[in-house]
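First the structure, in the form of structure tokens, and then the observations on it.
The values are calculated or read from the model by the stated rules, or taken from the named source; none is laboratory data. Note that the coordinates shown come from a computational prediction; the quantities given were computed from them, not determined experimentally. For neighbour counting, all protein chains shown are included, and Cβ atoms are generated from backbone atoms with ideal geometry for every residue, glycine included.
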Amino acid sequence: MDTLVEKKKRPATKSNGKVGYDRDMYLRWYEQMLLIRRFEESALGGYQSGKIRGFCHVYIGQEAVAAGIESAIRREDGIVTAYRQHGTAIGRGCDVNACMAELYGKSTGIVKGKGGSMHFFSAEHHYFGGNGIVGAQIPIGTGIAFAEKYKGTDNLCVTMFGDGAARQGALHESFNMAMTWKLPVLYICENNGYAMGTSVSRTSNVTDMSKLGLSYDMPAERVDGMKPEAVHEAVKRAADHIRAGKGPYLLEILTYRYKGHSVSDPATYRSKDEVEHYRGLDPVKYAEGKLLELGFATEKEVQAIKDKVAAQIAEAVQFAEESPFPDGALLFEHNYTQADYPFITD
């Protein structure tokens, strides 16, 4: 079987090499990525101790994608994604305590303990999930983009999906509709190389997911997803194109997950050499290295950030553990806008 090391060399990006980022930007990226990393590590620990139940898919290794997207778009823009979504929600600014409490199934969770790991949601942050059905978010994001165009805003909807979801028929229907109507949607394929445990090369004749846009004349490019700068620049180019009224854009962001597909996956289908190769591209370590290399932070300042994030996570875990479980009588609350739906009576 082909390995990702052979298939997924870091692609050339369209950066002109002259784009510079200041201290604040690198600090923002580093702290955000570190927060996501430590949150996910804590989630794994909670699952292993039995305090978190159900499905759990962590974002460890893919943090630069969330950080680079957020620095290049507006808070008013929408984001919808799949079920590996804790990092995306935290990147949006969703409360870390509420996100952790949701994993613990508590009433103080981001969706009152009713969604769990795969179904975060926050209208306040224009974050529309967290969707458990593979590929279901693609038409949802397309619909959100349609609504933005209908309302006459210049907002866009970032619609994220994995390489496995790229084989869903709903993707092609959405692409065709979005291009025909020139909808303000940015499609992002987070290609971490494996649809669950099966490599891209074993499931698709086309391993360059950016080529999926060709049939629809949709502009597309491949992006190095291990560096926040590359993600930021590509998303910014795409967002400018979309806001100019030119319609959708597709980015295939090449990334890598260091853990298995879910907490129950030992990931034995990957070689140690492959994993070690990508650990050498660790986006969190990369951002820390850039801060030090560019003189934007001292070792002491970096440690202060680590301590701050550690305290945030400790607080989130304590908050989750001490929060109450939801009242079963409130099962249908917040699920329907019609007060008497689904017509259940005492």
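Go through (1) modelled with pLDDT of 90 or more; (2) crowded, with 17+ Cβ neighbours inside 10 Å and name the single condition Gly260 misses.
All conditions pass for Gly260, except number (1).
In the set Leu35, Leu4, which member is modelled with pLDDT of 95 or more and either over 17 Å from the mean Cα position of the chain (by Cα) or of a type outside the set (Lys, Arg) (or both)?
After applying the criteria, what remains is Leu35.
Does Arg222 satisfy the criteria of being among the basic types (Lys, Arg), buried (at least 21 other Cβ atoms within 10 Å of the Cβ) and touching a residue at least 60 places away in the same chain (Cβ under 8 Å)? Reasoning before the result, please.
Working: among the basic types (Lys, Arg): yes; buried (at least 21 other Cβ atoms within 10 Å of the Cβ): yes; touching a residue at least 60 places away in the same chain (Cβ under 8 Å): yes.
Yes; evaluated as a whole, the condition is true for this residue.
Among Ala72, Ala82, which is the only one that is touching a residue at least 24 places away in the same chain (Cβ under 8 Å), small (Gly, Ala, Ser) and crowded, with 22+ Cβ neighbours inside 10 Å?
Ala82
Does Ala101 qualify as being of a type outside the set (S, T, N, Q), part of a helix (DSSP H, G or I), touching a helix residue (DSSP H, G or I) at 6+ places or on another chain (Cβ under 8 Å) and buried (at least 19 other Cβ atoms within 10 Å of the Cβ)?
Details: of a type outside the set (S, T, N, Q): yes; part of a helix (DSSP H, G or I): yes; touching a helix residue (DSSP H, G or I) at 6+ places or on another chain (Cβ under 8 Å): yes; buried (at least 19 other Cβ atoms within 10 Å of the Cβ): yes.
Against the criterion (of a type outside the set (S, T, N, Q), part of a helix (DSSP H, G or I), touching a helix residue (DSSP H, G or I) at 6+ places or on another chain (Cβ under 8 Å) and buried (at least 19 other Cβ atoms within 10 Å of the Cβ)), Ala101 qualifies.
What is the one condition in (1) assigned to a loop (DSSP other than H, G, I, E, B); (2) farther than 29 Å from Lys106 by Cβ; (3) among the small types (Gly, Ala, Ser) that Ala287 does not satisfy?
Against the list (1) assigned to a loop (DSSP other than H, G, I, E, B); (2) farther than 29 Å from Lys106 by Cβ; (3) among the small types (Gly, Ala, Ser), Ala287 comes up short only on (1).
What pairs can you find where one residue is in the range 173-196 and of a type in the set (Val, Ile, Thr), the other is part of a helix (DSSP H, G or I), and their Cβ atoms are less than 7 Å apart, with a gap of 6+ or different chains?
From residues that are of a type in the set (Val, Ile, Thr), the pairs are Val185/Gly141; Val185/Thr142; Val185/Ala145; Val185/Ala178.
Suppose the filter is charged (D, E, K, R), within 19 Å of Tyr59 (Cα to Cα) and out of contact with any strand residue (DSSP E or B) (no Cβ under 7 Å at 6 or more places or on another chain); does Glu274 pass it?
It is true that Glu274 is charged (D, E, K, R), within 19 Å of Tyr59 (Cα to Cα) and out of contact with any strand residue (DSSP E or B) (no Cβ under 7 Å at 6 or more places or on another chain).
So that you can scan it fast, the table gives a plain yes or no per residue for (1) of a type in the set (Lys, Arg); (2) closer than 16 Å to Phe55 by Cβ:
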{"position": "Ile79", "(1), (2)": "no, no"}
{"position": "Asp95", "(1), (2)": "no, no"}
{"position": "Glu102", "(1), (2)": "no, yes"}
{"position": "Phe120", "(1), (2)": "no, yes"}
{"position": "His125", "(1), (2)": "no, no"}
{"position": "Gly129", "(1), (2)": "no, yes"}
{"position": "Ala136", "(1), (2)": "no, yes"}
{"position": "Lys151", "(1), (2)": "yes, no"}
{"position": "Cys157", "(1), (2)": "no, no"}
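Looking at the range 306-333, I want the residues that are without any contact (Cβ under 8 Å) to a residue 60 or more places away in the chain and surrounded by fewer than 13 Cβ atoms within 10 Å (Cβ to Cβ) and have a partner that is of a type in the set (Val, Ile, Thr) and assigned to a loop (DSSP other than H, G, I, E, B) with Cβ atoms under 8 Å, at least 6 apart or on another chain. Which pairs are those?
Taking only residues 6 or more apart or on different chains, the pairs are Phe332/Ile344.
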